[in-house]
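First comes the structure, then the notes that go with it.
Here, each number is a calculation from the coordinates, and none is a lab measurement. Remember, predicted model here, so these are calculated numbers, not experimental data. Here the Cβ positions follow ideal geometry from the backbone for every residue, glycine too, while neighbour counts run over all protein chains shown.
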Amino acid sequence: MSVIDIVGSTLLGAAVLLAIFGMNFVLSDSSQQFGADLNAQENMVEFTKAIQWDLAKIGYRDTTRAPILVARPDTLVFLGDIDNDGTVDVVKYYKGSPAMLSSTPNPNDFILYRIIVNKTENLAMNLGLTKFQLSYVDSTGTLTLDPKLVRGVKIVAMVQSPYSAADSAYSGAYWENTIYPRNLNVNK
């Protein structure tokens, strides 16, 4: 064997090792990205199930004929028998500030609070929400902030993973929906 054969074999071996290490890095990064994407999607599913269930109960068993008490872009307070126990509950959804959630590296995520007044079923949803915005429509589909005129609640939400990927981007899932609770469609 000549020196040229040894040098050539060494260079070829080094190239193969670099290719293996590069592929390992790409697979590791892809796996991390897939996990972050899956986490964001699962959290969004959990969020949408919870909020759709609760908002469908707006006005359920309420006799005041004015079940929405507060209708703001970051807060919703309404009356409804959430747990189907025959008692009308006061339910409050509101978002906390990103500063209140300093336990994750994502600087934009916050906790969404769901409070049922006079019950111990309060919930702080730490799902990686980075956007939670409410708007309200009347019977003609026009935006309104008058709680007495609200017939539908539009929700815009974004969930991101708590950790950024190798490219410093956060995986996310976006959801937008308008919910028209049955008990708001009565003539007032």
About the Cα centre, charge dipole magnitude for the stretch 8-184 (Lys/Arg +1, Asp/Glu -1 at Cβ), debye: 540
In degrees, nearest ten, helix 3-56 long axis to first principal axis of the chain (Cα): 10
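Hand me the trypsin sites (Lys or Arg not before Pro) from the stretch 3-108 located in a DSSP loop with no more than 12 other Cβ atoms within 10 Å, in residue order please. Don't skip to the answer; put the middle values down first.
On the way: sites: Lys49, Lys57, Arg61, Arg65, Lys92, Lys95; in loops: Lys57, Arg61, Arg65.
Within the stretch 3-108, the qualifying trypsin sites (Lys or Arg not before Pro) (loop, at most 12 other Cβ atoms within 10 Å) are Arg65.
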Reference-scaled alpha-carbon Rg (2.2 N^0.38 Å with N residues) for the chain: 1.56
Positive-end residue, the stretch 6-163 charge dipole about Cα centroid, Cβ charges, pick of Phe78, Ala40, Thr63: Thr63
